[in-house]
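Chemist: First, the structure itself, so that you have it in front of you.
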Amino acid sequence: MIGMMKGLGVTLKTLGTRKSTYKYPDEPIVMPDRFRGIQHFDPDKCIVCFQCARICPTQCITMSGKPNPDPEKKGRVIDTYDINFEICILCDLCTEVCPTEAIVMTNNFELAAYSRDELFKDRVWLQENNTNVRKDNNNIGAPKGGAK
Amino acid sequence: MIRTEELLLNVGPQHPSTHGVLRVVVKLDGEIITHVEPVIGYLHRGTEKLAESLNYTQIIPYTDRMDYLSAMTNNYVLCYAVEKMMGIEVPERAEFLRLIVMELQRIASHLVWWGTYLLDIGALSPFLFAFNDRERILQLFNELCGARLTYNYMRVGGVKWDAPEGWIDKVKAFVKDMKSRLDEYHNLVSGNEIFLARVKGIGAYDAETAIQYGLSGANLRCTGVKWDLRKNEPYCIYDRFDFDIPVGQNGDCYDRYYVRTEEIRQSLRILEQALEQFPPEGETMGKVPRAIRPPAGEVYVRIESPRGEIGCYIVSKGKAEPYRLKFRRPSFVNLQILPKLLVGESMTNLVTILGGIDIVLGEVDC
Amino acid sequence: MSEEQKQNGAGPAEGETKAEAAPEGAKAQVPPAKTEGAPQSGEAPQAPPQPAEAPQQPAAPQPGVEPKQTSGAAPQPAAETQTAAGASQPAAQQPAAAEKRPLTDEEKEARRQAALAARAAKLAAQGGAAAGAAAGAAAGGRAAARGAAAAGGEGSEEPPKPSPNQPKLDRAVQLLKELVAEDAVEEASLNPFNDDMPTLVIRGEHWPKAAETLRDHPEFGFRYLRNVAGVDHETHMEVVYHLLNMDSGDTYCVKVRTNRDNPSVPSVVSVWKTADWQEREIYDLLGIAFPGHPDLRRIMLPDDWVGHPLRKDYVPLDPEV
């Protein structure tokens, strides 16, 4: 009996403690800055080096570049950039190797969709997804602040 | 005269108490189990085959998903294997971060085990207590590496991020809090007569059987064999801290319970010491060549994950991808003893014994 | 554009060499990238340029690499030494890696030199042992030649300190020769990557008796079987066992080789019960049969699966699955 009484004591003590549940979705959950949510893509910074596509463990990034429309500048600009979100595991390796911080993660994780077509994020969607962009990227491929 | 028949019961792949997609085909004679056959493979994702076409940094997210309740130890075993082959030295601060994170992970994993084991047995509130504390650990991990379950935190040669501002203090506060909560949990459960009646003497085996079946972790230590890879084959910086290895005597379910809860206490002890000795500054990544290509050869490393001995066997031919990568998963090996323990037992103890082995199906199937 | 998209669809290994070639086409440093990228695919015709690049490297690893290249005459060992030589020359890959990123070459170069210096120092220390063990532990089944090269390789370079495990290894070989059979042990070496773990290659027909000896003999006492792994080398298959003696803490590695057409290794379930499911898994994924196993069935894959996925030449019957 003693064991059960002790247990009951713990239960009764917990009655008076603070609740530890969240009232989600009525109150939004604020994720810490480093949270790995869906990516945000800035096409102006991209130099089409394909590092992100190469490092992706699930091969979910497909991209292509085109020669720079400005005839004086060298290099390429990005033409299409797609992330197949059905396969993306949000592992953050693409942001780690990007030399210009063109692709960064945001803190958005509420991505449920009614149809699988919406899960194929293209360049426009990724560019417009610029809320809650992560500040601390710890990018090993780029100097601080991204290269120009 | 009553006619009796043997009943074939399928504890199916979808079952709340099988801790994953495990199917146990049980033949019953009344309530006594006569034959058990676990059927696994429902979660087989071909990680080992995939790994042959990915380089080591790309495999790290896949290791997270093997034993998803203790992902940090999986990350570590892969990085440790590659670092051993290449002879890379990991800086001090990175080792400390790794150790802190792995011990926190051990506490989190044991809390999940504790909560779900008691839930299976029938006690509904310890589950909520355990997950409450585990939530705090996951929140700490979220602040550290951006994910709550699949961390992708360790890299070959160090860790990915340094601890953010104030993180170490939060961990210290958690450790202090957790000690008192652990005593509360003991008060709640360990003396409870119903609980003791359900687990004492159930599913017992002796040390010789455990060694024959290759059990590891708490399943081995509950029989009295004092074998813990953190002490017997030290890795990381475990040899700098002192902690005890809890050992059981009878090899029954109660001893497994006791060993695991005591391990939480010892993990808290290690964490205290590690947080005190935490170097105030340092690198988080060692000197690693840009392309990680271990020399041709092979290596087998093993560490103590919360479930037992997890090993990583790499055969490398000098390329950026492994030629053969095999994980020795503790849950896979530990699950083999299930038929032996269950035959002759009453069916009511099936869930108790299965839960006591502490398996994670992601690991069983790889 | 479509070509680049196709490259991204290909695996990272091929993508690496091809993507190296394509963007580099526009840049000036093409020739070093191409010649140093080529050895990665292990083409034998590249053998002549390798020794030519040797003077660029720190001198120490080279003497370790040369004896290997001379001892194996067939193209396959040459390919293996290619990859081993390619691995021990990180400098060859680093300039190629630098050219992939068009920016910040200087700081990368500095970082790389530091890493190279550290690695070169380590390789110099392990130069002889690495050559010997890589020849003994990872190569194909040319037992006699490799055995001689292993023994010679370990001692012929700047002699490394004799490992404390060497007497244990010799004693193990001697015991197995006496108690099991004269030709039971094909090769014996120490694995330098794994803290000089003794590695024995035991012949398949003597394996059950050797397993019992390893478990029961007081000098061995390996009661705990840690890990059973199957490996598909393209010429043969092998099953690797890691054994543990809990009292002394020793771990030995035992390999049993078998041919690829009808692979079969005697089962050791009667010796260590833990091998049960592990052997079933190897049978399932690699197709190695274990005569003597009480219940050899597929374990991970459905029972009606065709083929053995972990084999190198596995082609899925149904690509959609």
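Chemist: What percentage of the solvent-accessible surface of segment B:1-122, computed with a 1.4 Å probe over protein heavy atoms, is contributed by carbon and sulfur atoms?
Modeler: On segment B:1-122, the fraction of accessible area on carbon and sulfur atoms equals 55 percent.
Chemist: Now for a separate question. Mind listing the phi-derived Karplus ³J(HN,Hα) values for segment C:250-260, rounded to whole Hz, using 6.51, -1.76 and 1.60 with θ = phi - 60°, and x for any glycine or proline?
Modeler: Coupling constants for segment C:250-260: 7, 10, 10, 10, 10, 10, 10, 9, 8, 7, 8 Hz.
Chemist: Let me ask you something else. Between segment B:288-353 and segment B:76-141, how far is it from one alpha carbon centroid to the other, in angstrom?
Modeler: Value for the Cα centre distance between the two parts: 17 Å.
Chemist: Roughly how many Å² is the accessible area per residue of segment A:31-128, as a whole number, for a 1.4 Å probe?
Modeler: Counting only protein heavy atoms, the per-residue value for segment A:31-128 is 45 Å².
Chemist: Counting protein heavy atoms only and a 1.4 angstrom probe, how many square angstrom of accessible surface do chains B and A bury in total, to the nearest 100?
Modeler: 2600
Chemist: Pairs of Cα atoms under 8 Å, at least six residues apart: use those to get the relative contact order of segment C:166-262, whole percent.
Modeler: Once normalised by length, the contact order is 23 percent.
Chemist: Could you run the Karplus curve 6.51 cos²θ - 1.76 cosθ + 1.60 with θ = phi - 60° over segment A:38-50 and give me ³J(HN,Hα) per residue in whole Hz, x for Gly and Pro?
Modeler: 5, 7, 10, 10, 10, x, 5, 8, 6, 10, 6, 8, 6
Chemist: Return the single residue from B:L124, B:L144, B:L342 with maximal mean-square fluctuation; model: Gaussian network over chain B, springs between Cα atoms under 10 Å.
Modeler: Looking only at B:L124, B:L144, B:L342, the largest GNM fluctuation is found for B:L124.
Chemist: For segment B:132-197, what is the relative contact order in percent, using Cα pairs closer than 8 Å and at least 6 residues apart in sequence?
Modeler: 23
Chemist: Give a residue-ordered list of calculated ³J(HN,Hα) values for segment A:96-106 (Karplus: 6.51 cos²θ - 1.76 cosθ + 1.60, θ = phi - 60°; whole Hz; x for Gly, Pro).
Modeler: For segment A:96-106, the Karplus curve yields 5, 9, 5, x, 10, 6, 6, 10, 9, 8, 10 Hz.
Chemist: Something else: Rounded, prolate or oblate, given the Cα gyration tensor of segment B:37-117, with a/c below 1.5 counting as rounded?
Modeler: It is oblate, given that a/c is not under 1.5 and a/b is not larger than b/c.
Chemist: Pull out a ≥ b ≥ c, the square roots of the eigenvalues of the alpha-carbon gyration tensor of segment B:249-366, then state rounded if a/c is under 1.5, prolate if not and a/b is larger than b/c, and oblate in the remaining case.
Modeler: On the way: a/c = 3.83, a/b = 1.44, b/c = 2.66.
The shape class here is oblate.
Chemist: Same structure, new question: Considering every residue in A:13-24, what mean count of other chain Cβ atoms within 10 Å of its Cβ is obtained?
Modeler: 2
Chemist: Could you tell me the total accessible area buried at the B-C interface, probe 1.4 Å, in square angstrom to the nearest hundred?
Modeler: 5400
Chemist: Under 5 Å between amide hydrogens, which residues at least 5 positions from C:D196 or on another chain qualify, with H placed 1.01 Å from N in the peptide plane?
Modeler: HN-HN under 5 Å from C:D196: C:N191.
Chemist: Between helix B:92-121 and chain B, what is the angle of the helix's C-alpha long axis to the longest principal axis, kept within 0 to 90° and rounded to the nearest 10?
Modeler: 10
Chemist: Same structure, new question: Using only atoms on other chains, find how many Cβ atoms lie within 10 Å of each Cβ of peptide B:314-327 and report the average.
Modeler: Mean inter-chain Cβ contacts per residue within 10 Å come to 6.
Chemist: Output the relative contact order of segment A:1-145, whole-number percent, from Cα pairs under 8 angstrom with separation of 6+ residues.
Modeler: 29
Chemist: For segment B:273-359, state which GluC sites (Glu not before Pro) are in a DSSP loop and have at most 13 other beta carbons lying within 10 Å of their beta carbon.
Modeler: B:E281
Chemist: Follow-up. Highest mean first, how do B:39-51, C:295-307 rank when packing is the count of other Cβ atoms within 10 Å averaged over residues?
Modeler: Values: B:39-51: 18.5, C:295-307: 13.8.
Highest mean packing first, the order is B:39-51, C:295-307.
Chemist: Next question, about the same structure. Can you work out the accessible area per residue across chain B, with the rest of the protein chains kept in place, probe 1.4 Å, in square angstrom?
Modeler: 31
Chemist: Are there GluC sites (Glu not before Pro) in segment B:157-240 that DSSP puts in a loop and that have at most 10 other Cβ atoms within 10 Å, and which ones?
Modeler: Numbers: sites: B:E165, B:E184, B:E193, B:E208; in loops: B:E165.
When the GluC sites (Glu not before Pro) of segment B:157-240 are filtered for loop state and at most 10 Cβ neighbours within 10 Å, B:E165 remain.
Chemist: Another question, then. Can you give the average number of partner chain beta-carbon atoms within 10 Å of each beta-carbon in peptide B:52-59, as a whole number?
Modeler: 5
Chemist: Shifting gears a bit: Restricting attention to segment C:277-321, which GluC sites (Glu not before Pro) occupy a DSSP loop and are surrounded by at most 14 other Cβ atoms within 10 Å?
Modeler: Hits after loop and neighbour filter: C:E320.
The values are calculated or read from the model by the stated rules, or taken from the named source; none is laboratory data. What you see is a predicted model; the values in this text were computed from it and never measured. Note that we place each Cβ from the backbone using ideal geometry, even for glycine, and neighbour counts take in every protein chain shown. Protein only, heavy atoms only, side chains kept; ligands, DNA and RNA dropped before computing areas. Shrake-Rupley method; radii C 1.70, N 1.55, O 1.52, S 1.80 Å.
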